[in-house]
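Step one of this worksheet: look at the structure below.
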Amino acid sequence: MFRALLDMAFPTYCLTCHQSLDSQQQQLCLACEYALPINEYYKTPNQNPLIQRFTGRFEVKYAFSYLNFVNKGKTQKLLHELKYEGNQEIGEYLGQQFGKLLYENGFATAFDLIVPIPLHSSKLKQRGYNQVDNIAKGMAESLHIAWQADALIRTRANQQQAKQDKEGRLKNAEALFVVNEKTEIKGKNILLLDDMITSGATIEAAALPIIEAGCQTISIASLASAL
Ligand SMILES: [Zn+2]
């Protein structure tokens with residue numbers, strides 16, 4: 001009753017088609033939820049175009065992506081909401097759905113810890129939240145495993161910012177991420193998570209210190225990928 005009154009006072013709209021939502025739906029209408037461009041890499045997690053990107057770079061056990069990204073498509077709209085409109089709930093919701101998909105397809109015990117790619121502290125201050133944390137929280141809930149926002153520390157704001165002089169090159173060669181000393185990595189099956197994977201350079205930079213810290217296996221998950 002209260003919720004029904006609330007709906008009348010503050011109607012909510014589907015993020016992608018803008019129809020008004022009933023009280024059961026939080027972010028997307030049912031039609032849009034069913035029409036999400038779900039990626040099927042989870043069916044071939046150790047042999048797909050995403051994992052192939054890392055061949056010869058470092059050893060990836062499984063690679064997953066939840067949504068296919070196309071310009072001006074639903075996924076782009078949802079990522080925009082999450083990153084630039086302050087809609088943290090959509091990240092958590094999509095994370096839950098992503099985690100559920102993995103849980104129901106044989107990966108319930110494949111991982112011990114979800115490690116989200118962190119923002120640099122200056123960027124975190126600016127945005128107020130790390131959108132990858134929202135996804136990690138939702139996934140961890142569905143997979144019944146832990147996640148740790150500060151498992152990694154980002155040492156610089158941007159990988160490409162170093163100038164091409166000698167000093168810049170040296171700076172760029174330093175590690176972009178380090179493992180937080182309070183993170184337990186040794187012997188763990190790590191699921192490294194980002195919101196979007198393009199070249200894979202950020203994921204690689206984040207994976208290297210985790211491997212160095214003695215993880216058992218490392219797998220990769222991206223909320224979205226353009227392929
Ligand atoms: Zn809709």
| request: Based on the mean of other Cβ atoms within 10 Å per residue, sort peptides 117-126, 71-80 so the most packed one is first. | output: 71-80, 117-126
| field | Helix-only [θ]222 nm of the chain, DSSP H runs n ≥ 4, -39500 (n - 2.57) each, per residue, nearest 500 | value | -10500 deg cm²/dmol
| request: List the aspartates and glutamates whose Cα lies under 20 Å from the Cα of Lys186, skipping any in the same chain that are fewer than 8 positions away. | output: Glu59, Asp112, Asp150, Glu204, Glu212
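Using a Förster radius of 45 Å, what is the FRET efficiency between Lys72 and Gln47 based on their Cβ-Cβ separation? Nearest 0.05, please.
On the way: r = 30 Å, r/R0 = 0.67.
That gives a FRET efficiency of 0.90.
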| query | Based on the Cβ-Cβ distance of Glu104 and Ile153, what FRET efficiency does E = 1/(1 + (r/R0)^6) give at R0 = 45 Å, to the nearest 0.05? | reply | 0.85
| Angle between the chain longest axis and helix 88-103 axis [Cα atoms, degrees, rounded to 10] | 80
| field | Simple label model, 7 Å out from Cα along Cβ direction - Leu30 to Ser199, nm | value | 4.5
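Suppose R0 equals 35 Å; then what is the FRET efficiency for Phe58 and Cys17 from their Cβ-Cβ distance, rounded to the nearest 0.05?
Details: r = 40 Å, r/R0 = 1.15.
Given R0 = 35 Å and the Cβ-Cβ separation, E is 0.30.
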| field | Within the range 36-225: Cβ-based charge dipole about Cα centre, in debye rounded to nearest 20 (Lys, Arg +1; Asp, Glu -1) | value | 520
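Under the rule a/c < 1.5 gives rounded, and otherwise a/b versus b/c splits prolate from oblate, where does the chain land using the Cα gyration tensor?
On the way: a/c = 1.86, a/b = 1.54, b/c = 1.21.
Prolate is the answer for the chain, as a/c is 1.5 or above and a/b outweighs b/c.
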| query | Could you give the radius of gyration (one decimal) and Dmax (whole number) of the Cα atoms in the range 181-226, in Å? | reply | 11.1, 34
| note | Relative contact order in percent for the chain (Cα pairs under 8 Å, 6+ apart) equals 22
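Only the coordinates and a few stated rules stand behind these numbers; no lab work does. Computed from a prediction, not measured in an experiment: that's the story for all the values here. Quick reminder, even Gly has a Cβ in these numbers, built from the backbone with ideal geometry, and neighbours come from all protein chains shown.
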